[in-house]
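Chemist: Encoded as structure tokens, here's the structure I'll be asking about.
The values are calculated or read from the model by the stated rules, or taken from the named source; none is laboratory data. Please read these numbers as outputs of a predicted model, since none were measured by experiment. Note that each Cβ is placed from the backbone with ideal geometry, even for glycine, and that neighbours are counted across all protein chains shown.
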Amino acid sequence: MTRIRFQRSLEDLKENLLVMAGLAEQAIQRAVEAYRVRDLSICDLVSRSEIAINRLEREIDQAALDLLAMEQPMAIDLRFILAVIKINADLERVGDAAKSISDRVRSMEQMAVVELPVDIPRMASMASGMVRKALQSFIEADAEVARSVLSMDDAVDAMNRAAYKALTKVMAEESHIAPQALNALMICRSLERVADHATNISEDVIFWVQGADVRHHKSPTGGRDAHAGR
Amino acid sequence: MGVGIEVTNLNAWYGTNHTLQDINLNIPANHATALIGPSGCGKSTFVRCLNRMHETNPIARVTGLVRIGDLDIYKDAKPVEIRRRVGMVFQRPNPFPTMSIFDNVAAGLKLNGYSNRRSLDEIVERSLKDSALWDEVKDDLKKKSGASLSGGQQQRLCIARALAVDPEVLLMDEPASALDPVSTSKIEDLIFQLKSQYTIVIVTHNMQQAARVAEKTGFFLNGRMVEFDSTHKIFTNPSDKRTEDYITGRFG
Amino acid sequence: MSEQKPRADHKVRARFRAISDGAATGLAVLATLLVVTPLVAIFAYLLYKGASSLSWAFFTQIPKPEGEEGGGMANAIVGSAVLLALASLIGVPVGIGGGIYLAEFGRGTRLANAVRFTADVLNGVPSIVMGISIYALIVYHQRRFSAFSGGVALGVMMIPTVTRTTEEMLLMVPHAVREAALALGVPNWRSVLSITVRTASPGIITGCMLAFARVAGETAPLIFTAFGNSNWSVNLNQPIAALPLQIYIYAISPYDEQHKLAWAGALVLIILIVLAVSLVRFVASRGVLKGAS
């Protein structure tokens, strides 16, 4: 086996990306936990991890650029590095979504806690689950696992549409809790975005592993373009 | 204008060494096709079968069909005739050392009996312009010898010499491997321009060069052609694992 | 403490290297002197013994009858020129042709090996044997001595040298140059003549010159063929004078006067050979080596 140094550099790149993925996933979970228990100290944790995520994004981009310039990667190596760069961007935006959610929680601090016809923790766990599965497909370089993520997107889209309907109805009919409903709606939108990023990550994995460009596909149920996150 | 090359079941031997095994491919007209592969894989031998230079070695043998345009080059014509239609540029520039620049370019014509003075002048000028050497040598055509030029210039001189006989196909066996990066770029730009008039086959061990100049690429390994496809496909997503291992440097 | 030892060792080694370098250079110079000395000595001696006998008469008059004073070797000089011209006409084309065959067309064939072997043997034939052979083959049947037979004898002696050097020089032409010609669709014979031979021509010309210089001074083959002539004659069917032959005849004569002429003749012979070789080199370098290394 030749080009040992290069192989190691690729391994390092993969590891750094996984570290970043861990941080992003954790940020989402913390943000939703903060919503559930209305604990502002958890929001602080989310803000701190966002800083770490942004720094890692820059480092990974730089490392990928260096490899492209210095090693003239071809075929699968080239696709891998391209995939890493794209997944890098998606993970950073997952971090941004977590920050948005935590900002919503902060702005709801003074508001009363009310019952709303949405199950945000459930939606969050679905979106999170998609991200985790997408990253699993990346670790294992498994296009089939990646494809299964693509089909999970429809469920999240459906939940988001239902939430939109329910919450707009609340805002119209129960205007005294409209602020809470509005913030909840924005949180749902952030979670839907997270699901989209998970789909993007899966598409990038399929591109890397199979050399197939499956972007901008219509899902089997004719759902929304899964690429809306970009 | 260039013509396509059709190769069917080509086998070649050097003595008992079965250098090429069952090669089948179609080289498109007016395109540049690159042939890559590790040392000793047979790509140079293959190219030399296309202009019947392979048989200048007394222990060489060839079977199979090579059709250039509509001509079966092994049955329908003599080697000398083929080589006037299929030009060749070698790895190390080899201008004729005793001849001036002018005579070098005109050599293919003069040695085949062509002697019309005025059209020789025109042909030499056109060939030197086509090989991007005219401006550098136009004042010294008959005064300087071919061997007094720099390496990159010598190679362009050899290209001009090959073009002067107006071939349909141009074979280039690692034409830039002995040259510095600037000369290499000039040669690559040249190939790009020449593509529209000739069919070019270029053997190279430099994959980035193949990627830069050729529309189609063939990967040779141990005397066989493993994969032949668009350059884009070969270098982004090759079908054969051996191809991928070679181009990503995992070979060996 | 541990540094001192390597440094001293290094100095000793350096001094040894310098001494052996100087010794080698000295030996090389000595060897060169040993080679050059005989040549210089001969030339100086010839100059000493022969220069005084050089005169206009030497170059314009034929030998006087034995015992008389004066005379020259004009006819011998002209005769040698005729003989050498004839010899070159035979030796050069045949030799070059043979060399081309051996290098380009007959490589590895049994015929080529036979030709090469023959050339080597011919090279080793003593010149007197050559003279006797040509006597038997030509002079005997024509029943007369002639310039023609002399020219043939010298020509045949030139052939092996020209053939072998032509072959060597042609083999030195890089394969790449031949391939370039073949790849242009030039037929093999044309490529050999116009490209390979042309590229090797400086070396081939040198080979011809070597052969020429060698036969220019040959005496033994001429004894039984050209025979010598004390009168003016350029008739190919008649005996003809030759400078080396004339020197020999005068050298063994009992007359002092003729001894002096022999010395002069020897000096002139050497000078003419040097001039001829220089002229050919000059012409060759002008014509062929335009700017090429």
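Chemist: What pairs come out if I take residues in region A:8-29 that are more than 17 Å from A:Gln62 (Cβ to Cβ) and pair them with residues that are part of a helix (DSSP H, G or I) and acidic (Asp, Glu) whose C-beta lies under 7 Å away, six or more apart or interchain?
Modeler: Between residues of region A:8-29 that are more than 17 Å from A:Gln62 (Cβ to Cβ) and residues that are part of a helix (DSSP H, G or I) and acidic (Asp, Glu), the close pairs are A:Ala27/A:Glu50.
Chemist: Then there is this: Polar (S, T, N, Q) and either modelled with pLDDT of 90 or more or more than 30 Å from C:Ile204 (Cβ to Cβ) (or both) - does that describe any residue in region C:100-112?
Modeler: Within region C:100-112, not a single residue is polar (S, T, N, Q) and either modelled with pLDDT of 90 or more or more than 30 Å from C:Ile204 (Cβ to Cβ) (or both).
Chemist: Within region C:258-271, does at least one residue satisfy the condition of being surrounded by fewer than 16 Cβ atoms within 10 Å (Cβ to Cβ), out of contact with any Phe, Trp or Tyr (no Cβ under 8 Å at 6 or more places or on another chain) and either within 14 Å of chain B (Cβ to nearest Cβ) or free of Cβ contacts under 8 Å to residues at least 60 places away in the same chain (or both)?
Modeler: Within region C:258-271, one or more residues are surrounded by fewer than 16 Cβ atoms within 10 Å (Cβ to Cβ), out of contact with any Phe, Trp or Tyr (no Cβ under 8 Å at 6 or more places or on another chain) and either within 14 Å of chain B (Cβ to nearest Cβ) or free of Cβ contacts under 8 Å to residues at least 60 places away in the same chain (or both).
Chemist: Then there's this: Restricting the search to region B:134-149, which residues are within 11 Å of chain C (Cβ to nearest Cβ) and among the acidic types (Asp, Glu)? Even if it seems obvious, please write down each step before you answer.
Modeler: Initial filter on region B:134-149 (within 11 Å of chain C (Cβ to nearest Cβ)): B:140, B:142-149.
B:Asp140, the sole residue that qualifies.
Chemist: Restricting attention to region B:47-57, does a residue exist that is among the hydroxyl-bearing types (Ser, Thr, Tyr) and out of contact with any Phe, Trp or Tyr (no Cβ under 7 Å at 6 or more places or on another chain)?
Modeler: Start the filter on region B:47-57 by keeping residues that are among the hydroxyl-bearing types (Ser, Thr, Tyr), which leaves B:56.
Keeping just the survivors that are out of contact with any Phe, Trp or Tyr (no Cβ under 7 Å at 6 or more places or on another chain) gives B:56.
The answer is yes, given that some residue of region B:47-57 is among the hydroxyl-bearing types (Ser, Thr, Tyr) and out of contact with any Phe, Trp or Tyr (no Cβ under 7 Å at 6 or more places or on another chain).
Chemist: I'm told B:Ala210 meets every condition in (1) of a type in the set (A, V, I, L, M); (2) under 30 Å from C:Val186 (Cα atoms); (3) buried (at least 19 other Cβ atoms within 10 Å of the Cβ) except one. Can you identify the failing condition by its number?
Modeler: All conditions are met except number (2).
Chemist: Hey, another quick one. How about region B:57-133: which helices (runs of 4 or more DSSP H) wholly inside it have at least 1 residues that are under 20 Å from B:Gly151 (Cβ atoms) and more than 9 Å from chain C (Cβ to nearest Cβ)?
Modeler: Fully inside region B:57-133 and qualifying: B:101-110, B:117-130.
Chemist: Which one of these does A:Arg224 not meet: (1) modelled with pLDDT under 95; (2) in a helix (DSSP H, G or I)?
Modeler: All conditions are met except number (2).
Chemist: Surrounded by 16 or more Cβ atoms within 10 Å (Cβ to Cβ) and of a type outside the set (A, V, I, L, M), is that true of B:Gly113? Outline the logic, then answer.
Modeler: Numbers: surrounded by 16 or more Cβ atoms within 10 Å (Cβ to Cβ): no; of a type outside the set (A, V, I, L, M): yes.
Considered against the rule, which asks whether it is surrounded by 16 or more Cβ atoms within 10 Å (Cβ to Cβ) and of a type outside the set (A, V, I, L, M), B:Gly113 comes out as no.
Okay, residues lined up against (1) closer than 25 Å to B:Tyr14 by Cβ; (2) surrounded by fewer than 23 Cβ atoms within 10 Å (Cβ to Cβ); (3) within 21 Å of the chain's Cα centre (by Cα):
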position: B:Val47; (1), (2), (3): yes, yes, yes
position: B:Leu65; (1), (2), (3): yes, yes, yes
position: B:Ile68; (1), (2), (3): yes, no, yes
position: B:Glu81; (1), (2), (3): yes, yes, yes
position: B:Gln91; (1), (2), (3): yes, yes, yes
position: B:Asp103; (1), (2), (3): no, yes, no
position: B:Arg118; (1), (2), (3): no, yes, no
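Chemist: I'd like to verify a number: residues in region B:1-26 that are within 20 Å of the chain's Cα centre (by Cα), of a type in the set (Val, Ile, Thr) and outside any strand (DSSP E or B), how many?
Modeler: 1
Chemist: Does region C:119-127 contain any residue that is farther than 19 Å from C:Glu218 by Cα, modelled with pLDDT under 95, among the aliphatic types (A, V, I, L, M) and surrounded by 18 or more Cβ atoms within 10 Å (Cβ to Cβ)?
Modeler: no
Chemist: Within region A:164-192, how many residues are assigned to a helix (DSSP H, G or I) and either without any contact (Cβ under 8 Å) to a residue 60 or more places away in the chain or of a type in the set (D, E, K, R) (or both)? Give the derivation first.
Modeler: Within region A:164-192, the subset assigned to a helix (DSSP H, G or I) is A:164-173, A:175-192.
Now narrow it down to the ones that are either without any contact (Cβ under 8 Å) to a residue 60 or more places away in the chain or of a type in the set (D, E, K, R) (or both): A:164-173, A:175-176, A:178, A:182, A:185, A:189, A:192.
Matching residues across region A:164-192 total 17.
Chemist: Let me ask something additional. Taking region B:236-245 on its own, how many of its residues are at the interface with chain A (Cβ under 9 Å from one of its Cβ atoms), modelled with pLDDT of 90 or more and assigned to a helix (DSSP H, G or I)?
Modeler: Counting residues in region B:236-245 that are at the interface with chain A (Cβ under 9 Å from one of its Cβ atoms), modelled with pLDDT of 90 or more and assigned to a helix (DSSP H, G or I) gives 2.
Chemist: Would you mention how many residues in region B:35-56 are closer than 19 Å to B:Val201 by Cα, among the polar types (S, T, N, Q) and not in a loop (DSSP other than H, G, I, E, B)?
Modeler: Total satisfying the criteria: 2.
Chemist: Test B:Phe251 against the criterion of being touching a Pro at 6+ places or on another chain (Cβ under 9 Å), surrounded by fewer than 16 Cβ atoms within 10 Å (Cβ to Cβ) and either polar (S, T, N, Q) or within 12 Å of chain A (Cβ to nearest Cβ) (or both), and give yes or no.
Modeler: In short, yes.
Chemist: Would you mind listing the helices (runs of 4 or more DSSP H) fully within region B:150-213 where at least 2 residues are more than 14 Å from chain A (Cβ to nearest Cβ)?
Modeler: Hits in region B:150-213: B:151-164, B:181-194.
Chemist: Now for a separate question. May I ask you to list the residues in region A:28-44 that are surrounded by 19 or more Cβ atoms within 10 Å (Cβ to Cβ) and closer than 18 Å to A:Ala112 by Cβ?
Modeler: Across region A:28-44, the qualifying residues are A:Ala34, A:Tyr35.
Chemist: Anything in region A:142-165 that is surrounded by fewer than 17 Cβ atoms within 10 Å (Cβ to Cβ) and farther than 12 Å from A:Glu203 by Cα? List them, or say none.
Modeler: A:Ala155, A:Ala158, A:Arg161, A:Ala162, A:Tyr164, A:Lys165
Chemist: When region B:214-235 is examined, which residues are found to be outside any helix (DSSP H, G or I), closer than 23 Å to A:Ile81 by Cβ and β-branched (Val, Ile, Thr)?
Modeler: Across region B:214-235, the qualifying residue is only B:Thr217.
Chemist: Inside region A:91-138, can you point out the residues that are touching a His at 6+ places or on another chain (Cβ under 7 Å) and either over 18 Å from A:Asp157 (Cα atoms) or surrounded by fewer than 23 Cβ atoms within 10 Å (Cβ to Cβ) (or both)?
Modeler: Hit for region A:91-138 is A:Arg93, nothing else.
Chemist: Next up: Please pick out the residue among B:Leu120, B:Leu111, B:Leu141 that is touching a helix residue (DSSP H, G or I) at 6+ places or on another chain (Cβ under 6 Å), over 20 Å from B:Leu170 (Cα atoms), without any contact (Cβ under 8 Å) to a residue 24 or more places away in the chain and not acidic (Asp, Glu).
Modeler: Sole residue among the options that is touching a helix residue (DSSP H, G or I) at 6+ places or on another chain (Cβ under 6 Å), over 20 Å from B:Leu170 (Cα atoms), without any contact (Cβ under 8 Å) to a residue 24 or more places away in the chain and not acidic (Asp, Glu): B:Leu120.
Chemist: Answer yes or no as to whether C:Gly150 is more than 9 Å from chain B (Cβ to nearest Cβ), over 22 Å from C:Ala114 (Cα atoms) and surrounded by 21 or more Cβ atoms within 10 Å (Cβ to Cβ).
Modeler: The answer is yes for C:Gly150.
Chemist: Looking at this structure, is B:Met207 of a type in the set (A, V, I, L, M, F, W, C) and within 23 Å of A:Leu82 (Cα to Cα)?
Modeler: yes
Chemist: A further question follows. Looking only at region A:62-85, decide whether some residue is under 28 Å from A:Met111 (Cα atoms) and under 15 Å from the mean Cα position of the chain (by Cα). Walk me through it before giving the result.
Modeler: Of region A:62-85, the ones under 28 Å from A:Met111 (Cα atoms) are none.
Among the residues of region A:62-85, not one is under 28 Å from A:Met111 (Cα atoms) and under 15 Å from the mean Cα position of the chain (by Cα), which makes the answer no.
Chemist: Where in region C:153-242 are there helices (runs of 4 or more DSSP H), lying wholly inside it, with at least 1 residues that are crowded, with 20+ Cβ neighbours inside 10 Å and more than 14 Å from chain B (Cβ to nearest Cβ)?
Modeler: Passing ranges, in order: C:198-216, C:220-223.
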